[in-house]
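**Student:** Encoded as structure tokens, here's the structure I'll be asking about.
The values are calculated or read from the model by the stated rules, or taken from the named source; none is laboratory data. Quick caveat, the model's predicted, so the values are computed rather than measured. Here Cβ is always computed from backbone atoms with ideal geometry, including for glycine, and neighbour counts include all displayed protein chains.
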Amino acid sequence: MLQITKLHDSIDALQVKHGSKKLSAIYGAGCITAPELMLVFMNPTGKNVSAQVGWKGLRAPWLGTKNVWKILYKLSLIPECLYEQTQALNAADWTPDFAIRLYEGVAKRKIYITNLAKCTQDDARHVPDAVFRQYLPVMQKEILAVNPKRIITFGNQVSSLLLQEAITVSNYAGLKKELLQIGKVSHDVYPVYYPVGQGQRNTPLAIKRLQAIMQTI
């Protein structure tokens with residue numbers, strides 16, 4: 001088991017409302033039983049090969065892309081053999097079988113990867129806060145189901161919306177964190193620079209912060 005499948009119907013319904021009509025929603029995946037880290041990114045785009053309607057297999061973040069896997073490899077969060085394949089394969093050459101093996105590797109490292117908004121867009125267009133807010137109920141259910149020990153929120157927008165307060169990631173270094181309360185359950189949340197796309201220049205800062213957090217594992 002790599003996904004919380006009971007959430008998929010709700011996520012699919014939101015894709016119809018907010019995502020590309022030509023693409024499918026992307027679900028969170030990885031270790032679904034108290035992972036050490038839950039990594040929360042913004043939203044998927046059509047660069048993810050598993051968003052294609054004809055894809056027959058796991059629909060999960062960052063399949064068919066390279067940069068996030070570089071970061072995870074530098075943090076020793078995926079095995080070298082799987083990392084090398086993420087860099088060697090062209091997007092069109094990714095297969096459902098490799099997607100499963102990759103996320104099995106992620107799960108073995110006790111990592112879970114997801115997006116706050118699961119609505120796949122054709123490109124990296126801006127998604128309004130109002131759309132992200134519609135995903136908060138399913139995101140909270142995802143957190144409660146997975147029960148991560150630490151939540152990493154990438155970027156100001158994701159951090160602010162999940163925590164429901166204004167967050168500037170540049171104010172967070174070392175082990176500084178916030179507390180997310182969902183009902184009677186609380187979770188440690190670490191806002192971190194967004195390390196891909198337009199935020200790629202901040203990758204070294206994101207890695208430095210993540211290395212500090214990982215020392216607590």
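**Student:** So if I check each of Leu102, Leu63, which one is among the hydrophobic types (A, V, I, L, M, F, W, C), buried (at least 17 other Cβ atoms within 10 Å of the Cβ), closer than 25 Å to Val16 by Cβ and free of Cβ contacts under 8 Å to residues at least 40 places away in the same chain?
**Tutor:** Within the list Leu102, Leu63, the selection yields Leu63.
**Student:** Which residue, of Ile71, Ile151, Ile143, Ile100, is in a strand (DSSP E or B), hydrophobic (A, V, I, L, M, F, W, C) and either modelled with pLDDT of 95 or more or more than 16 Å from Gly30 (Cα to Cα) (or both)?
**Tutor:** On inspection, the qualifying residue turns out to be Ile151.
**Student:** I would also like to ask the following. From Lys177, Lys184, which residue is over 17 Å from the mean Cα position of the chain (by Cα), modelled with pLDDT under 95 and of a type outside the set (Phe, Trp, Tyr)?
**Tutor:** Going through Lys177, Lys184 in turn, just one is over 17 Å from the mean Cα position of the chain (by Cα), modelled with pLDDT under 95 and of a type outside the set (Phe, Trp, Tyr): Lys184.
**Student:** Give the range 103-133 a look and list any residue that's part of a helix (DSSP H, G or I) and farther than 24 Å from Arg150 by Cα, or say none.
**Tutor:** Residues satisfying the conditions are Ala130, Val131.
**Student:** Can you name every residue in the range 1-44 that is over 25 Å from Arg109 (Cβ atoms) and among the polar types (S, T, N, Q)?
**Tutor:** Ser10, Gln15, Ser20, Ser24 - these are the residues of the range 1-44 that are over 25 Å from Arg109 (Cβ atoms) and among the polar types (S, T, N, Q).
**Student:** Please find, within the range 1-50, the residue that is nearest to Ala130 (Cα to Cα) out of those that are basic (Lys, Arg) and either in contact (Cβ under 8 Å) with a residue 24 or more places away in the chain or assigned to a helix (DSSP H, G or I) (or both).
**Tutor:** Restricting to residues being basic (Lys, Arg) and either in contact (Cβ under 8 Å) with a residue 24 or more places away in the chain or assigned to a helix (DSSP H, G or I) (or both), the top hit is Lys17.
**Student:** Can you tell which of Ala51, Ala34 is buried (at least 23 other Cβ atoms within 10 Å of the Cβ), small (Gly, Ala, Ser) and modelled with pLDDT of 95 or more?
**Tutor:** Ala51
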